1. Say we look at segment 105-122 and pick out the residues that are touching a strand residue (DSSP E or B) at 6+ places or on another chain (Cβ under 8 Å) and assigned to a helix (DSSP H, G or I); which of these is surrounded by the fewest Cβ atoms within 10 Å (Cβ to Cβ)?
2. Does residue 66 count as within 23 Å of residue 111 (Cβ to Cβ), surrounded by 15 or more Cβ atoms within 10 Å (Cβ to Cβ), at pLDDT 90 or above and not hydrophobic (A, V, I, L, M, F, W, C)?
3. Being within 13 Å of residue 114 (Cβ to Cβ) and either part of a loop (DSSP other than H, G, I, E, B) or at pLDDT 95 or above (or both) is the filter here; which residues of segment 25-38 pass it?
4. Restricting segment 30-43 to residues that are under 18 Å from the mean Cα position of the chain (by Cα) and loosely packed, with under 13 Cβ neighbours inside 10 Å, which is nearest to residue 110 (Cα to Cα)?
5. Restricting attention to segment 67-104, which residues are farther than 16 Å from residue 119 by Cα, assigned to a strand (DSSP E or B) and among the acidic types (Asp, Glu)?
6. Looking at (1) surrounded by fewer than 15 Cβ atoms within 10 Å (Cβ to Cβ); (2) among the charged types (D, E, K, R); (3) at pLDDT 95 or above; (4) in contact with a helix residue (DSSP H, G or I) (Cβ under 7 Å, 6 or more places away or on another chain), find the lone condition where residue 81 falls short.
Amino acid sequence: MKKMIFLLVILFIAAGANAQLANTKWGFTLKMNDNDVASLCAFSKDTLTVTAEGDGSLIEKMVFTDKDGVLTIKKVEGQSECNDEAGSYKYEIKDNTLTLTLVTDGCSGRGEILDKAKWVKK
């Protein structure tokens, strides 16, 4: 019985550690075509949706995984030219701020935007 309880506790801890971003929202300013666009990133279970805060229009929709402090994303639909390329970013959450650091990204434009990005929790 003690073994079973111990295993359940470990399972819940592991699940929580790998799901830090799921069901969270983050705000940031996106530079698009020489314009600053206030944007909102909404993480669901496995999808990241980026919208313009002003009118809610879709900027990008991506699938994501969150494992061991590394966020991996891949575009599903949206405005960028990043079609089949995946990107991986280390992230750190401190004082309601999420900071991304580029690991690798097949889409250089996305990498330039997201590397060293700071998002504020909403």
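The values are calculated or read from the model by the stated rules, or taken from the named source; none is laboratory data. Predicted model only: the values in this text are computed from it and were never measured. FYI the Cβ positions are ideal-geometry reconstructions off the backbone, even for glycines, and counts take in every protein chain you see.
1. As a first pass, look at segment 105-122 and keep what is touching a strand residue (DSSP E or B) at 6+ places or on another chain (Cβ under 8 Å): 105-107, 110-111, 113-122.
Checking which are assigned to a helix (DSSP H, G or I) leaves us with 110-111, 113-114.
Details: 110: 21, 111: 19, 113: 17, 114: 21.
Among them, the one singled out is 113.
2. Working: within 23 Å of residue 111 (Cβ to Cβ): yes; surrounded by 15 or more Cβ atoms within 10 Å (Cβ to Cβ): yes; at pLDDT 90 or above: yes; not hydrophobic (A, V, I, L, M, F, W, C): yes.
Yes, satisfied.
3. First, pick out the residues of segment 25-38 that are within 13 Å of residue 114 (Cβ to Cβ): 26, 28-31.
Hit for segment 25-38 is 26, nothing else.
4. If we filter segment 30-43 for residues that are under 18 Å from the mean Cα position of the chain (by Cα), which is where we start, we get 30-31, 37-43.
Then keep just the ones that are loosely packed, with under 13 Cβ neighbours inside 10 Å; that gives 31, 38.
Numbers: 31: 11, 38: 17 Å.
The selected residue is 31.
5. The one that is farther than 16 Å from residue 119 by Cα, assigned to a strand (DSSP E or B) and among the acidic types (Asp, Glu): 77.
6. Condition (3) is where residue 81 drops out.
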